[in-house]
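Have a look at the structure below before the remarks.
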Amino acid sequence: MDLGGVVLLRLGVLTPSRAYVRRGLSSCHRTTGFDIKRSVQKHYKSWLSFDAAMAAAVVTSCTLHSYATYRYGGRDVMDSQIPFACRNVRSDATITENVTQSLSREGIVVLELDDAVLNASELKSARQDVTAARHLLVTTGNDSNVRQDKVVRVNSTVILDEEKEGLTGVGLMFCVDLLRGVTHSLLEHGYIESHTHLVPRHVQLAEYGGDDGEHYVSHLDACLTSVWEMGLQSYMQSRDARGRVLTCILYLNPSDWDVETSGGALSYQHVGGADADADASTWTSISPRGGTMVIFDSRRIVHRVEPCYSTRHALTCWIMGQVDDV
Ligand SMILES: O=C(O)CCC(=O)C(=O)O
Ligand SMILES: [Fe+2]
């Protein structure tokens, strides 16, 4: 729910005014997809009056929102699931104990062609779906000097873009489910770098056009800056990024992607490493070949997308969770 929605709901409780409550509830529905009023009325219709249902809805939504903001800092939490609910056979087959240990030790792990994350026909089918979904891609709200990709949020049944909706194909759905299953597989093998995880229903499909050296400058996926340093407005805007603990990327490019000619490598180093201007040798590069999966600690791995000279597609799932700071 956006800040305006929370304020309206809270004003509604205090006044109480049906207009405030209605606007707050519809804002909540728009931003989280959760229709509180409808679900309260549906379940308690027989004995609750409209006002009582409204009051219950307001209290529930304020509590959920405050909890989500406090606990995970993000809107995505309202539309998430526990890892167990997202378990996936292919994730379980590819995320082994060794993979989990490498991730814990290095903060990043790469699964390539030999690890059989996707076979050739699965990659082909996902790529066809990506082509069909390209008209839904939109530029992000970020500064265009920072990143030049276009994105759309997809889940395993629909592609969402504020205005337009369309069905995804089975190829893309398979990849979404695979990415969403990773957390459960890691936990099964004892991953403990973070805990109390939640898996968003939506993952991001991103396209770097490849015409003009499109890239993404070096950054951390988790936002670790305090409200005092960044100001209230930026803090609220960064809420999705504040709860991130793991980044899981699946590349949907041709399996013979060549970084020499197409660029587009994912380069990374650990937090505290040399900065972006330093010698390139302090950065490690990963080729975004189709079927390659990269999992990394969103709070520890600084990364960037090198300029792209061919169209480049990546599907990314950000897992939310808690970290015990020492
Ligand atoms: O596509 C990639 O390799 C990484 C993209 C990225 O860093 C991001 O979207 O945050
Ligand atoms: Fe990133």
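Can you tell me which of 299-305, 137-143, 284-290, 249-255 comes out highest on packing, and rank the rest after it, using the mean Cβ neighbours within 10 Å?
Values: 299-305: 20.6, 137-143: 12.0, 284-290: 18.7, 249-255: 22.7.
Per-residue Cβ counts within 10 Å, averaged per peptide and sorted highest first, yield 249-255, 299-305, 284-290, 137-143.
Could you tell me the relative contact order of segment 81-322? Use alpha-carbon pairs under 8 Å, at least six residues apart, and round to a whole percent.
Numbers: 518 pairs, mean separation 69.4, N = 242.
In percent, rounded to a whole number, it is 29.
Every read-out reported here was derived from the displayed coordinates using simple, explicitly stated rules and does not represent laboratory data. All figures in this text were calculated on a predicted structure; none of them were measured in a lab. A quick note on method: Cβ atoms are made from the backbone with ideal geometry, for glycine too, and the neighbour counts reach across all protein chains shown.
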